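Asks: Let me give you the structure first, and then I'll get to my questions.
Any read-out appearing in this document is the output of simple, stated calculations on the displayed coordinates, not a laboratory observation. From a predicted model like this one, the values you see are computed outputs, not experimental measurements. Every residue, glycine as well, gets a Cβ built from its backbone with ideal geometry; the counts of neighbours run over all protein chains shown.
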Amino acid sequence: MGVDSFVDWLRDAAGVLHENAAYLTELDSAIGDADHGANMDRGFQAIVAVLDESSFDSADELLKKAGMTLVSKVGGASGPLYGTFFLRFGTALAGADLSAEAIGRALHAGVEGVLARGKAELGDKTMYDAWAPALEAYDAAVAGGSEVGPALTAAAEAAAKGRDATVPLVARKGRASYLGERSAGHQDPGATSTTLILESAARTLT
């Protein structure tokens, strides 16, 4: 696995987020600003434009550029949060061997960046409700001897369960928290986009 694998991931994720932009916005319209799908689509299309114009010598250089692009191009909370994830993820891969263990450490670093910026906890009805079980599943898979691809598949499956578990929750963070009890019964859009990105990673980072 090298830089090309990460390019494939970003391109694949951009395609999936484009296809699901209306769905993500529909989810966000119920409990947020109705812009999550459009924001994610715009940000990842900007990443594709960078990929079309530039080449990268290392995965960390590529991912840090992707993160900076999201921060600069995406409004709302999703740009800074996902931008921080990719910046921290890329930074953690600098000089790494891209083994399953190294990818795991980088995933943790990325999510720690998300938590530092968003201050969310498990059960707050945010993207972290997908990230937390995903990290746990990834770590367990690697501990059991899995390579990157199967470990990411386990992470994506766990993220999907975490995403689904946000439906009955009452939001305690973000715009959805303003709705109080009325936020229950709706799937969190951030947990949904996180799952889409992890499913994309499982398809491409093998």
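Asks: Treating the angle as unsigned and between 0 and 90°, give the value, to the nearest 10°, between the Cα long axis of helix 78-93 and the longest Cα principal axis of the chain.
Replies: The angle comes out near 30 degrees.
Asks: Evaluate region 94-174: find the radius of gyration of its Cα atoms, find its Kirkwood radius, and give the ratio Rg to Rh.
Replies: Across region 94-174, the Cα-based Rg/Rh ratio is 1.02.
Asks: If you don't mind, there's one more thing I want to ask. What percent does the relative contact order of region 14-86 come to when contacts are Cα pairs within less than 8 Å and at least six residues apart? Spell out each step's value before the answer.
Replies: On the way: 81 pairs, mean separation 19.8, N = 73.
Averaging sequence separation for qualifying contacts and normalising by length gives 27 percent for region 14-86.
Asks: Points 7 angstrom from Cα along the Cβ direction at residue 206 and residue 116: gap in nanometres?
Replies: Output for this residue pair reads 3.4 nm.
Asks: What value, in deg cm²/dmol to 500, does the helix sum -39500 (n - 2.57) over DSSP H runs of n ≥ 4 give at 222 nm once divided by the residues of the chain?
Replies: Mean residue ellipticity, 222 nm, calculated: -23500 deg cm²/dmol.
Asks: For region 1-70 and region 106-161, what is the separation of their Cα centres, given in Å?
Replies: 18 Å
Asks: While we're on this one: Less than 16 Å from a label point 7 Å out along the Cα-to-Cβ axis of residue 19: which backbone N atoms in region 41-76 qualify, by residue?
Replies: Answer for this model: 41, 45.
Asks: Students often get this wrong: which residues of region 34-78 have the backbone nitrogen under 19 Å from the point 7 angstrom along Cα-to-C-beta of residue 5?
Replies: 56-66
Asks: Taking Cα atoms, how many degrees apart are the long axis of helix 128-143 and the longest axis of the chain, rounded to 10 and kept between 0 and 90?
Replies: So the helix axis and the longest Cα principal axis differ by about 40 degrees.
Asks: If R0 is 30 Å, what FRET efficiency do you get for residue 102 and residue 50 from their C-beta distance, rounded to 0.05?
Replies: Between residue 102 and residue 50 the formula returns 0.80.
Asks: Assuming 0.36 nm per residue, please report the length gained on full extension of the stretch residue 94 to residue 147 beyond their Cα-Cα distance.
Replies: That pair, residue 94 and residue 147, stretches by 17.1 nm at full extension.
Asks: Next question, about the same structure. Packing-wise, with mean Cβ within 10 Å as the measure, how do 193-200, 138-145 rank, highest first?
Replies: Highest mean packing first, the order is 193-200, 138-145.
Asks: On to the next question. How big is the dipole moment of the chain about its Cα centre under a simple scheme where the beta carbon of each Lys and Arg is +1, that of each Asp and Glu is -1, and everything else is neutral? Debye, nearest 20, please.
Replies: It comes to approximately 640 debye.
Asks: If you don't mind, another one. List the lysines whose Cα lies under 18 Å from the Cα of residue 161, skipping any in the same chain that are fewer than 8 positions away.
Replies: 125
Asks: Which whole-number percent is the relative contact order of region 3-204 (Cα, under 8 Å, 6+ apart)?
Replies: RCO, region 3-204: 22 percent.
Asks: Helix 21-31 versus the longest principal axis of the chain: what angle, 0 to 90°, nearest 10, using Cα atoms?
Replies: 40 degrees
Asks: Highest mean first, what order results for 110-123, 7-20, 46-59, 63-76 on Cβ atoms within 10 Å? Mind showing how you got there, number by number?
Replies: Numbers: 110-123: 17.0, 7-20: 18.7, 46-59: 14.9, 63-76: 20.4.
Final packing ranking: 63-76, 7-20, 110-123, 46-59.
Asks: Report the Rg/Rh value for the chain, based on alpha-carbon coordinates and the Kirkwood definition of Rh. Please report the intermediate quantities before stating the final value.
Replies: Working: Rg = 15.8 Å, Rh = 16.6 Å.
Result for the chain is an Rg/Rh of 0.95.
Asks: Among residues other than residue 51 whose Cβ falls under 12 Å from its Cβ, what is the net charge (Lys/Arg +1, Asp/Glu -1)?
Replies: -3
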